[in-house]
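**Student:** Provided herewith is a single structure, encoded as structure tokens, for subsequent inquiry.
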Amino acid sequence: MNLPNKLTLLRVAFIPLCLLFTMLRQNVPAAALFIIACVTDYLDGYIARKQHIVTNFGKFADPVADKILTLTMMVALLARGDYYWWATAIVAARELAVDGLRLVAVNQGIVIPAGRLGKFKTNAQFLSILASLTLAPVWLALSLAILMALLTIISGVQYFVAGKDLFLQDIKHSAEK
């Protein structure tokens with residue numbers, strides 16, 4: 001197993017620890033582990049591209065690790081009253097919709113590549129969570145949550161625009177019947 005994939009698995013291993021410290025309201029260790037997990041997200045992709053060791057496992061596991069990390073932290077913060085229900089709902093809905101679209105696309109032999117906006121979305125999610133975890137001023141946490149929600153929605157729409165051929169094929173196939 002290469003280093004980028006090990007970093008992805010390390011990020012996954014940090015999730016229960018981040019969750020535990022968050023639920024115990026131990027914000028400093030939770031934030032420290034969360035930051036390390038976020039850095040592994042950057043490093044695994046950077047190293048994989050730079051060393052030309054991109055793998056199918058990495059292409060699958062990296063975004064899944066990001067989604068599990070972000071949604072786990074959002075739900076944990078929401079459970080303790082330190083996050084926004086609407087932001088969590090937007091992220092969960094977008095991730096389920098996009099993953100569903102990508103599964104349909106793969107079954108039809110179509111690859112919908114990740115957009116650059118998706119990386120900004122993930123980083124905005126990380127920053128929004130970190131602001132709430134560190135109990136940043138309400139105006140900052142709310143501003144980051146709004147920005148994150150907008151990027152989440154826009155990047156989700158971007159996937160559906162990129163996958164419009166799937167819908168056109170279904171319409172054409174239905175009309176032929």
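Bear in mind these aren't lab numbers, they're just calculated from the coordinates by the rules spelled out. Just so it is clear, the model here is predicted, and its values are computed rather than measured. Virtual Cβ from ideal backbone geometry, glycine too; neighbours counted across all protein chains shown.
**Student:** Starting with the highest mean, order 136-146, 99-109, 29-39 by the number of other Cβ atoms within 10 Å, averaged over the residues of each peptide.
**Tutor:** 29-39, 136-146, 99-109
**Student:** Here is a follow-up. Provide the FRET efficiency to the nearest 0.05 for the residue 12-residue 168 pair, computing r from the beta carbons and using R0 = 30 Å.
**Tutor:** So the FRET efficiency works out to roughly 0.20.
**Student:** Report ³J(HN,Hα) in whole Hz for each residue of segment 155-163, in order, from the Karplus equation J = 6.51 cos²θ - 1.76 cosθ + 1.60 where θ = phi - 60°; Gly and Pro get x.
**Tutor:** After applying 6.51 cos²θ - 1.76 cosθ + 1.60, I find 5, x, 4, 4, 4, 5, 5, 5, x Hz.
**Student:** To one decimal place, what Kirkwood hydrodynamic radius in Å is obtained for the chain from all pairs of distinct Cα atoms?
**Tutor:** It is 17.2 Å.
**Student:** Here's a follow-up. To the nearest µm²/s, what D does Stokes-Einstein give for segment 59-148 at 10 °C and 1.306 mPa s, using the Kirkwood radius over alpha carbon pairs as Rh? Intermediate results must be reported in sequence, preceding the final value.
**Tutor:** Values: Rh = 13.9 Å.
Approximately 115 µm²/s, per Stokes-Einstein.
**Student:** Residue by residue, what Karplus-based ³J(HN,Hα) values in Hz, rounded to whole numbers, does segment 63-73 have, using 6.51, -1.76 and 1.60 with θ = phi - 60° and x for Gly and Pro?
**Tutor:** Per residue, the Karplus-derived 3J(HN,Hα) values read x, 5, 4, 4, 5, 5, 4, 5, 5, 4, 5 Hz.
**Student:** For segment 60-141, what is the relative contact order in percent, using Cα pairs closer than 8 Å and at least 6 residues apart in sequence?
**Tutor:** On the way: 33 pairs, mean separation 28.0, N = 82.
Worked out over segment 60-141, it gives 34 percent.
**Student:** Quick one: 3J(HN,Hα) in Hz for segment 78-85, Karplus 6.51/-1.76/1.60 with θ = phi - 60°, rounded, Gly and Pro as x.
**Tutor:** Per residue, the Karplus-derived 3J(HN,Hα) values read 5, 4, 9, x, 10, 8, 9, 4 Hz.
**Student:** Which of these, 44, 165, 66, has the largest mean-square fluctuation under a Gaussian network model of the chain (Cα springs below 10 Å)?
**Tutor:** 165
**Student:** Keeping to pairs on different chains or 8 or more places apart, tell me how many lysine pairs in the chain have Cα atoms under 30 Å apart.
**Tutor:** 20
**Student:** In addition: How far is it, in nm, from the label point at residue 59 to the one at residue 80 when both lie 7 Å from their Cα along the line to the Cβ?
**Tutor:** About 3.8 nm, to one decimal.
**Student:** For residue 83, what residues show an amide H to amide H distance below 5 Å, using hydrogens built from the backbone and excluding near sequence neighbours?
**Tutor:** Counting only residues 5 or more places away or on other chains, the set is 78.
**Student:** Build a GNM of the chain with springs between Cα atoms under 10 Å: which of 25, 49, 11 gets the top mean-square fluctuation?
**Tutor:** 49
**Student:** While we're on this one: With +1 assigned to the C-beta of every Lys and Arg and -1 to the C-beta of every Asp and Glu, and no other charges, what is the dipole magnitude of segment 47-177 about the Cα centre in debye, to the nearest 20?
**Tutor:** Here the size comes out at about 300 debye.
**Student:** Would you kindly work out the equivalent ellipsoid of segment 19-76 from its C-alpha gyration tensor and give its semi-axes, the square roots of five times the eigenvalues, largest first in whole Å?
**Tutor:** For segment 19-76, the semi-axes come out at 27, 13, 6 Å.
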